[in-house]
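All remarks here apply to the structure that follows.
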Amino acid sequence: MNASSPLRVLFVTPEIAPWMKSGGLGDVSAALPVALRAAGVDVRVLVPAYRPLLAEFGDAQCLATFSSPGGALAPARLLTATTGQGVPLLMVDCPGYYHRSGDAYQDGQSEDWPDNDLRFGLLGKVAALVASTSSAGWEPHIIQCNDWPAALALVYLRYMEKSRVRGIMTVHNLAFQGVFPATSLQRLGLPPEAMAGDGAVEYYGKLSFLKGGLVCADHITTVSPTYAREIQSEALGCGLDGLLRGRSDVISGILNGIDTGMWNPAADTHIACTYDSTRIDRKTENKAALQQLLGLPDEPAVPLLGVVSRLTWQKGIDLIADIVPQIMGLPAQLAVLGTGERKLVERLTELAREFPRQISFRAEFNERLAHLIEAGADMFLMPSRFEPCGLNQMYSLRYGTPPVVRATGGLADTVVDCSEATLKSGTANGFVFTGTEAPQLLAAVERAVDAWHDTKGWKALQRNGMRHDFSWQASALRYRDLYRTLIPSA
Ligand code: ADP
Ligand code: GLC
């Protein structure tokens, strides 16, 4: 890469915080491009023009109009604006698709929008057009597609003749694949060969966005080294492990970073009292504020366990519910913030009713409370059945709130189990368990609570976590190295 011609990367995503966020992908799409630009990469983010984005960027300029993008896809405009952090945004404006209540994928009742094939087909089509024509007045060397909603761009590009752009498929969660009936093919304006036999998108007679992206990509990345291995196994390959094993030479795992500006206990405006590793004692003020806010008794001598999570099978929330009676007996308090599956919401609501003096459950999406839980809890529970990377355990480490996690994906790559040896070597920063049964989680929680009662040892554990650099800088350099291997001449 030379100074006059930086690497140009089109980063395609269905979420970008703070305007549209369902989970970690929103955080990643906001923070990674900033770090990439600081590393000299000319990255631009392509995202649907959701209402909050249009409200923020009222001065967005129109670069192009796509009046008949193909199949049953609705017409769209391509808008551009620059974020406060200097990242150029390209926004696909199609009010009929993107001006809706609910989140990026679902309505307020947690039901997928029935036309998600068209909504994200359009995102992919516009991405492919931007990547292969001069519609944005800028031609990228690389297109990086994040998760299934962006994946179809790589399929469209395969069937566009002149395209020279190299494609990366980045998997944040293999469990979400964007599978639709075969009839979607025509709606999306894809040629029949895309579906025939070994066609890129064909998946057991249906059409899979993610499979298409994985087949057509020049390189595949995922968000932690351990998850890069796990997705090639039958247990966590979600039906795509055979395909992925066949492409293992182009798969890499690059650990996510965290936004250390937004998640910084020393300057966090959402919490009651800022602190750093030299003033960890001030966490107690946050604990008291959290207990007060949640209506839990102010009991400094009882450990407070925090959870901030999507409430799904992936996150092992049911395992936490299973051990509530034992947790209550320790004794301990439990603060849960999360939205998701109705059954889990009902179960947690019931438990909070049964133990009102020990459990608080808030079924809402609340950024501020998420920060206060990270700061005020004594430890953080994340017993995920699988976790591609996970951001919350890194927020917890930074906030001196040791995480209790299952050894999987990014959790295994970031949390070091507390033992005599790891305490001695200064690497211990949390509690890790293996297995998928509730008693295994309980044993880890009991170990953590025992350790918490030893104030001096606990402080060492907190400091080890707080010391670690989880910023995006290192990951951005890894992505830049990868881009360079794909475009050696740039
Ligand atoms: P995932 O993307 O699988 O949900 P991550 O740990 O990567 O898991 O990221 C989750 C992100 O979403 C974090 O920033 C977390 O704080 C946030 N989050 C999840 N649920 C809530 C909620 N109910 N309120 C506020 N933030 C939430
Ligand atoms: C996904 C994964 C999560 C990861 C996030 C950002 O939502 O479930 O583990 O941290 O994407 O990459």
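The values are calculated or read from the model by the stated rules, or taken from the named source; none is laboratory data. Because the structure is a prediction, the values reported are computed rather than measured. Cβ coordinates were reconstructed from backbone atoms using ideal geometry, including for glycine residues, and neighbour counts include every protein chain displayed. Ligands, DNA and RNA are stripped out before the accessible areas are found, and what is left, the full protein with its side chains, is counted by its heavy atoms. Shrake-Rupley method; radii C 1.70, N 1.55, O 1.52, S 1.80 Å.
Name the residue, out of ILE327, ILE271, ILE317, that is within 16 Å of ligand 2 (Cβ to nearest atom) and touching a helix residue (DSSP H, G or I) at 6+ places or on another chain (Cβ under 9 Å).
Details: ILE327 fails: within 16 Å of ligand 2 (Cβ to nearest atom); ILE271 fails: within 16 Å of ligand 2 (Cβ to nearest atom).
Answer to the check: ILE317.
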Inset, instruction - Check the range 138-152 and report whether any residue there is surrounded by fewer than 24 Cβ atoms within 10 Å (Cβ to Cβ) and assigned to a helix (DSSP H, G or I). - result: no
Legend entry - Criterion (in a loop (DSSP other than H, G, I, E, B), open to solvent by 10 Å² or more (accessible area, probe 1.4 Å) and over 23 Å from THR221 (Cβ atoms)) met by exactly one of ALA175, ALA182: ALA182
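Determine which member of the set GLY409, GLY465 is within 28 Å of GLU299 (Cα to Cα) and surrounded by 22 or more Cβ atoms within 10 Å (Cβ to Cβ).
Details: GLY409 fails: within 28 Å of GLU299 (Cα to Cα).
Going through GLY409, GLY465 in turn, just one is within 28 Å of GLU299 (Cα to Cα) and surrounded by 22 or more Cβ atoms within 10 Å (Cβ to Cβ): GLY465.
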Legend entry - Test result for GLU387, of a type in the set (Asp, Glu) and within 16 Å of ligand 2 (Cβ to nearest atom): yes
Legend entry - Cβ-Cβ under 6 Å pairs, at least 6 apart or on other chains, the range 48-72 side without any contact (Cβ under 8 Å) to a residue 24 or more places away in the chain, far side part of a strand (DSSP E or B) and of a type in the set (Ser, Thr, Tyr): GLN61/THR80
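Check the range 219-230 and report whether any residue there is more than 24 Å from the chain's Cα centre (by Cα) and in a loop (DSSP other than H, G, I, E, B).
No, because not a single residue in the range 219-230 is more than 24 Å from the chain's Cα centre (by Cα) and in a loop (DSSP other than H, G, I, E, B).
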Inset, instruction - Output the residue which, of all residues in the range 293-341 that are of a type in the set (Asp, Glu) and not in a loop (DSSP other than H, G, I, E, B), is farthest from the chain's Cα centre (by Cα). - result: ASP322
Legend entry - Long-range neighbours under 6 Å by Cβ, at least six apart or interchain, first residue more than 16 Å from VAL416 (Cα to Cα) within the range 384-400, second within 8 Å of ligand 2 (Cβ to nearest atom) and not in a helix (DSSP H, G or I): PRO388/HIS172; PRO388/ASN173; PRO388/VAL223
Legend entry - Residue count, the range 334-362 (criterion: open to solvent by less than 60 Å² (accessible area, probe 1.4 Å), over 22 Å from GLN440 (Cβ atoms) and not aromatic (Phe, Trp, Tyr)): 9
Inset, instruction - Filter the range 474-490 for residues that are open to solvent by 80 Å² or more (accessible area, probe 1.4 Å) and at pLDDT below 95 and give the result. - result: PRO488, SER489
Inset, instruction - Report yes if some residue within the range 251-274 is among the acidic types (Asp, Glu) and under 23 Å from VAL415 (Cβ atoms); otherwise report no. - result: yes
Inset, instruction - Report, by residue number, each residue of the range 304-327 that is over 15 Å from ASP378 (Cα atoms) and aliphatic (A, V, I, L, M). - result: LEU311, ILE317, LEU319, ILE320, ALA321, ILE323, VAL324
Inset, instruction - Report the residue count in the range 215-251 for those that are in contact with a Pro (Cβ under 8 Å, 6 or more places away or on another chain) and either without any contact (Cβ under 8 Å) to a residue 12 or more places away in the chain or of a type in the set (Gly, Ala, Ser) (or both). - result: 1
Inset, instruction - Having 2 or more residues that are more than 23 Å from ILE254 (Cβ to Cβ) is the bar; report the helices (runs of 4 or more DSSP H) wholly within the range 430-490 that clear it. - result: 438-453, 455-467
Legend entry - Within the range 363-406, tally of residues that are open to solvent by 10 Å² or more (accessible area, probe 1.4 Å), more than 11 Å from ligand 1 (Cβ to nearest atom) and either outside any strand (DSSP E or B) or in contact with a Cys (Cβ under 6 Å, 6 or more places away or on another chain) (or both): 3
Inset, instruction - Working carefully through the options GLU161, GLU193, find the one that is surrounded by fewer than 22 Cβ atoms within 10 Å (Cβ to Cβ) and either in contact with a strand residue (DSSP E or B) (Cβ under 8 Å, 6 or more places away or on another chain) or assigned to a loop (DSSP other than H, G, I, E, B) (or both). - result: GLU161
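Do we find that GLY329 is in contact with a Lys or Arg (Cβ under 7 Å, 6 or more places away or on another chain), of a type outside the set (Lys, Arg) and either surrounded by 21 or more Cβ atoms within 10 Å (Cβ to Cβ) or farther than 25 Å from GLY24 by Cβ (or both) in this structure? Before you say what the answer is, go through the steps one by one.
Values: in contact with a Lys or Arg (Cβ under 7 Å, 6 or more places away or on another chain): no; of a type outside the set (Lys, Arg): yes; either surrounded by 21 or more Cβ atoms within 10 Å (Cβ to Cβ) or farther than 25 Å from GLY24 by Cβ (or both): yes.
Against the criterion (in contact with a Lys or Arg (Cβ under 7 Å, 6 or more places away or on another chain), of a type outside the set (Lys, Arg) and either surrounded by 21 or more Cβ atoms within 10 Å (Cβ to Cβ) or farther than 25 Å from GLY24 by Cβ (or both)), GLY329 does not qualify.
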